Amino acid sequence: MPDTPQVSPALKTLLDKGLLDRLPLSFSAFCFDQMKDWDLLFPAERGYYERLFGMLDRSSPQAVEQLFRPLRDVERQMGVNEKTFPKGQFSLKQVDFLNRNPHYPEWRAAVAQAFAKLDPALDSEIARAGHARLVIVAAPAQLPADPSRMWTRLQGRGKRLAIEVPERAEDFLPLLLTGEPQGRATPTIAQLFAAGKKGGAYTSWIVEAGAGISGLGAAGPPVVKYSYAALEPYRKRLMGEVRSVVEAQEVPGPRQLSARLKQMKILASEGDVAKDPILAEFARAILLSGNGTLLINNTFVEWATVQAVRRARPSVALVGFGIRNKVKPFSSLLIYADQETTSPIPSQMDTLGSYVDLEMFYQYVWQEFEKYAEYRTNTAYLFAGDGMEEMLAVAPADFPLMAASGPLKLPAVFQHLKEWLGV
Amino acid sequence: MPSLSKRRFVQLAGLSIANRILPGWLRAQEPQRSANKVIIVTFGGGVRYSETFAPEGLHNIPRLVAMRPDGHFFNSCVNSGVLSHFNSTASILTGNWQRVDDFGFQPPAGPTLFEHFRKQTGAGPLDAWAVATNKSFASMGCGSDRAFGQPYGANVVLPKQLLLEAVQEVVKKGTAGGVADREDVLRRLEGVLSEGYEGIGWTIFQAGRKLDRQVRETLLRGLVEYINGPEAPTSGDELTFFITREIMREFAPRLILVNFWDMDVAHWGSYSLYLNAITRTDRLTGMLWEEIQANANYRGKTTMLVLPELGRDGDQNTANGFLNHRSGDPSCRNMWLLAMGAAVPRGQTDRTVHHVDVAATAAELLGVKAPGMAGTPMRELLL
């Protein structure tokens, strides 16, 4: 039997009381597996498990039994038992078992039903501690679209703001995010929040395709930064290692490959996030379990943002998309090969394809934030195009920019953002 | 051009003459079901209704839209099984919901349509083929039932794997042109064909360890056409099409599975690449239908059944929208099916059919009894 995970003292007390043993096997196995690497969880994740199990502990045994009865019934029909779901194990083997079981749809429905009852109670705790949050999503300057063709899937959800574009194109993002032109070492809105009373570690994030946003700001408060461009050494090493593992047929199947990939950690020389075990593991997970994140810059940005929301619940997020390259001949056959070296054909930007990709990703990013109680009703989203004379604000009515009129200067926008966040 | 044997010529001429001189009431009974051919096309890799036959998706599939009035369209074809490519396609082929290994490490449970067809009709090994872009489909040619199995299975060809071998060789050698050098890639392809195919997972039942010369030449023709095509060859599905066409021209099999798979590029997270793949598959499916109409061995006696093996997650409330296809939401399961063929009544059916009904229907069309299938024949196609 596996040891109890090294969780917080409060949670350990609950687990020692046998709380997990009172829960359906698949549910407890999943939770146990998630908590196994407690030290690699973000504070928001730890807080979630403490709240969840605290609430279950406070509930009467009858209420817990009633909550999970449908799930237990489905588990019985599926053949979930100690053998198929050994305590604390929720690997690909268990995922396979569920996926291939004829009762899988019922299992999913039963899990959803349980969370539909749990979430409102957990959410109300979160909502009581709510505060203003900010998400800025920046599109690259090269997109071949005018403002009327931008953010079409979010049309009708917010207000379009006229912007006075600065004389120097390179000042656009610095003015928006720091209030100053390029080259001044003034803090970004993300840094200001991280240094404020609601800030702290893991509260402000920058996720981007290039490195332009990460390079802004002053030395000072820690902001989590993930740049597809800056992670290039790690990405290339990962691709090489995966390729050699696959080509040498060292692993018989996906399960073994998954275990092997877990060992491929970022090196100190490959990025600052290596210094923090939580962020290092996050980088590995994003690049190796997120579909095309190794291959396409914007997929990396979208998936890293979505995962940051799910796991870390940042209060300020600056998200910078880029332009992906056109697919070269045979690229789909050489997934883990360096596209630059396998073909002498020069890389070309796919601006139109990137535009199409991003129209979908704006929606995905926005709706991911909105799934969680932390963000509903108190988050301002600002969709901007680098150098574009319009922005889209999707925000509560009291977000200052919702009342603004006329072409706005970017430093004025920045002041409104500061006011919103109280920094 | 493939050579036309004297016997085949006489057969074809005979049919042609019969069409002209026989009375209508007698002609109506022809062709005999036992002479029918069936081509099952998985419009695949995973595609949603919203990007295909939903009003907002029609512009992605102009060829299918144009074909639809001449065929029979099933508005609702539901995949109630496991939402992996292998299990979904194996369900289509066996008529039973499959729950085997998702990555093809196990064969389908129970006999496939190929085996029922060959065992009952005595059809030879060149009469049943599976041409698949998905590399895990090597074991798709026959199931695990010992009463059937390999002696009655289909030839399985994985053209993309062949290409992969060649491309990897080119990359390893580091030639100046890299993979952009079509001639070099083609030389490697030929080499792989000459050296044997087992390393790339193919199952050619007739040929043993080495590729039969005729099979090899047939596949090579498909490769040459692909490599020297007007566009840069980037798509595994294009190669699958060319190989399928060569097999049709050379061997005229009565039962073929064509597995397209390019759309699964959606996993990369590029919506535009996913849309491009849909339009390419639409074009290739249209070209396949053109080949059926142009090829005397197929014209007038072939039913083509086109369906996505699975959808993809919906944009709302799922793991990551179009990138994946495991959530089990309606967007993953609710598909469509388009049947084309001379004997196919034009029209549309709104009742729900299922992926497992495809094998049962195809068995009827081939004049084969296939007991033990969960699926039932689509009566709309068997009038």
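The values are calculated or read from the model by the stated rules, or taken from the named source; none is laboratory data. Since the model is a prediction, treat every value here as computed from it, not as a measurement. Cβ coordinates were reconstructed from backbone atoms using ideal geometry, including for glycine residues, and neighbour counts include every protein chain displayed.
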Across the range B:308-321, which residue is nearest to residue B:85 (Cα to Cα) among those that are touching a Phe, Trp or Tyr at 6+ places or on another chain (Cβ under 8 Å) and either within 14 Å of chain A (Cβ to nearest Cβ) or surrounded by fewer than 22 Cβ atoms within 10 Å (Cβ to Cβ) (or both)?
B:312
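To keep it simple, each residue is scored yes or no on (1) of a type in the set (A, V, I, L, M); (2) at pLDDT 95 or above; (3) at positive phi.
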{"residue": "B:67", "(1), (2), (3)": "yes, yes, no"}
{"residue": "B:74", "(1), (2), (3)": "no, yes, no"}
{"residue": "B:101", "(1), (2), (3)": "no, no, no"}
{"residue": "B:124", "(1), (2), (3)": "no, no, no"}
{"residue": "B:132", "(1), (2), (3)": "yes, no, no"}
{"residue": "B:138", "(1), (2), (3)": "yes, no, no"}
{"residue": "B:162", "(1), (2), (3)": "yes, no, no"}
Inside the range A:271-294, the number of residues satisfying the requirement of being more than 16 Å from residue A:259 (Cα to Cα), within 14 Å of another protein chain (Cβ to nearest Cβ) and not polar (S, T, N, Q) is 2
Could you tell me which residue of the range A:33-42 is nearest to the chain's Cα centre (by Cα), considering only residues that are assigned to a helix (DSSP H, G or I) and modelled with pLDDT of 90 or more?
A:40
Examine the range A:332-345 for a residue that is closer than 27 Å to residue A:145 by Cα, more than 7 Å from chain B (Cβ to nearest Cβ) and at pLDDT below 85, and state whether such a residue exists.
no
Please specify each residue of the range B:247-264 satisfying the condition of being within 11 Å of chain A (Cβ to nearest Cβ) and surrounded by fewer than 24 Cβ atoms within 10 Å (Cβ to Cβ).
B:264
Examine the range A:346-364 for a residue that is at pLDDT 95 or above, more than 10 Å from chain B (Cβ to nearest Cβ) and in contact with a Ser or Thr (Cβ under 6 Å, 6 or more places away or on another chain), and state whether such a residue exists.
no
Mind telling me which of the residues B:111, B:151 ends up being crowded, with 24+ Cβ neighbours inside 10 Å and either within 14 Å of chain A (Cβ to nearest Cβ) or not in a strand (DSSP E or B) (or both)?
B:111
Does the range B:339-356 include one or more residues that are within 30 Å of residue A:291 (Cβ to Cβ) and in contact with a strand residue (DSSP E or B) (Cβ under 6 Å, 6 or more places away or on another chain)?
yes
Scan the range B:79-102 and report the pairs whose first residue is more than 8 Å from every other protein chain (Cβ to nearest Cβ) and whose second residue is basic (Lys, Arg) and not in a helix (DSSP H, G or I), with Cβ atoms within less than 8 Å and a gap of 6+ or a chain change.
B:81/B:99
By residue number, the members of the range B:80-108 that are within 14 Å of residue B:357 (Cβ to Cβ), crowded, with 24+ Cβ neighbours inside 10 Å and of a type outside the set (Val, Ile, Thr) are B:81, B:88, B:91, B:93, B:95
Only one of (1) under 30 Å from residue A:173 (Cβ atoms); (2) without any contact (Cβ under 8 Å) to a residue 12 or more places away in the chain does not apply to residue A:225, and that is (2)
Give the number of residues within the range A:382-419 that are assigned to a helix (DSSP H, G or I), without any contact (Cβ under 8 Å) to a residue 40 or more places away in the chain and either polar (S, T, N, Q) or out of contact with any helix residue (DSSP H, G or I) (no Cβ under 6 Å at 6 or more places or on another chain) (or both).
2
Suppose we keep only residues that are surrounded by fewer than 16 Cβ atoms within 10 Å (Cβ to Cβ) and charged (D, E, K, R) within the range A:67-107. Which one would you say is farthest from the other protein chains (Cβ to nearest Cβ)?
A:87
What single numbered condition from (1) away from chain A (no Cβ under 14 Å); (2) in contact (Cβ under 8 Å) with a residue 24 or more places away in the chain; (3) more than 17 Å from residue B:42 (Cα to Cα) fails to hold for residue B:324?
(1)
Hey, which of the helices (runs of 4 or more DSSP H) in the range B:191-300, taking only ones fully inside, have at least 1 residues that are modelled with pLDDT under 70?
B:213-227
Testing residue A:402 on (1) away from every other protein chain (no Cβ under 14 Å); (2) within 24 Å of residue A:311 (Cα to Cα); (3) surrounded by fewer than 18 Cβ atoms within 10 Å (Cβ to Cβ), one condition comes back false. Which one is that?
(2)
What pairs come out if I take residues in the range A:143-160 that are more than 15 Å from residue A:385 (Cα to Cα) and pair them with residues that are surrounded by 12 or more Cβ atoms within 10 Å (Cβ to Cβ) and among the β-branched types (Val, Ile, Thr) whose C-beta lies under 7 Å away, six or more apart or interchain?
A:157/A:394; A:158/A:394
Quick one: residue B:301 ticks every box in (1) among the basic types (Lys, Arg); (2) within 14 Å of chain A (Cβ to nearest Cβ); (3) within 28 Å of residue B:254 (Cα to Cα) bar one, so which box is it?
(2)
